[in-house]
Amino acid sequence: MIETTRRGDSLEIPQQFHVCETVGWLVNHRVNSALPGYLMVGSKRFSTDLSELSEEALAELGPLLAKAQHALTHTLNAQRVYIGRYGHSPGYPIHFHVIPIYDWVEELFWRDSRYRALQNFAEPGDKDETDGAELTLFVWREFCERAEPPPVKAPSVPRAIKLLRAAMG
């Protein structure tokens, strides 16, 4: 597994995972994800609070997230793109997960009987559809945490990074 290291107030993401950057943000492929195009948009300033970031960094954020979504849908053909701010782990600056959901990812989700248990939490009538929370959980468990992730029906992670660099650079 590839690890990030800390240099001063920022995390050092290995260069091969970098996609693009602005004055306030680094966009990189998630280092421990086998899902091509799973991006992280992280603040270059070590803060866990948006209100502590500069106006310039805040002004860059919306267009940068839009650019990432556009690149994933138009370059890698993601069916959907989920963007979320998670994180309660100490030691990480504020960051956003930009998660592509491909049609083949959703197909894998529906074929994996273990995830049918999630239907027990749905209201009657909602059992034939899934939502972002369920698919995000599936992506995290299957493509980021498993030692042997499911087969990928897309460009490899290095190829996806190259394509995204061209699209977002």
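The values are calculated or read from the model by the stated rules, or taken from the named source; none is laboratory data. Not measured: the values here are computed from a predicted model. So basically every Cβ, Gly included, is an ideal-geometry build from the backbone, and we count neighbours across all protein chains shown.
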Helices (runs of 4 or more DSSP H) completely within the stretch 36-145 that count 3 or more residues being in contact (Cβ under 8 Å) with a residue 60 or more places away in the chain: 55-75
Within the stretch 13-35, tally of residues that are buried (at least 17 other Cβ atoms within 10 Å of the Cβ), part of a loop (DSSP other than H, G, I, E, B) and aliphatic (A, V, I, L, M): 4
Every residue from the stretch 45-63 that is under 19 Å from the mean Cα position of the chain (by Cα) and modelled with pLDDT under 95: Thr48, Leu50
Residue within the stretch 52-73 that is β-branched (Val, Ile, Thr), surrounded by fewer than 18 Cβ atoms within 10 Å (Cβ to Cβ) and closer than 16 Å to Pro93 by Cα present: no
Some residue of the stretch 90-104 being over 19 Å from Cys144 (Cα atoms) and acidic (Asp, Glu): no
Given (1) at pLDDT 95 or above; (2) farther than 17 Å from Arg165 by Cα; (3) touching a His at 6+ places or on another chain (Cβ under 9 Å), index of the condition Tyr86 fails: (1)
Verdict on Gly87 being surrounded by 12 or more Cβ atoms within 10 Å (Cβ to Cβ) and at positive phi: yes
Residue count for the stretch 109-129, restricted to those that are in contact with a helix residue (DSSP H, G or I) (Cβ under 7 Å, 6 or more places away or on another chain) and surrounded by 14 or more Cβ atoms within 10 Å (Cβ to Cβ): 3
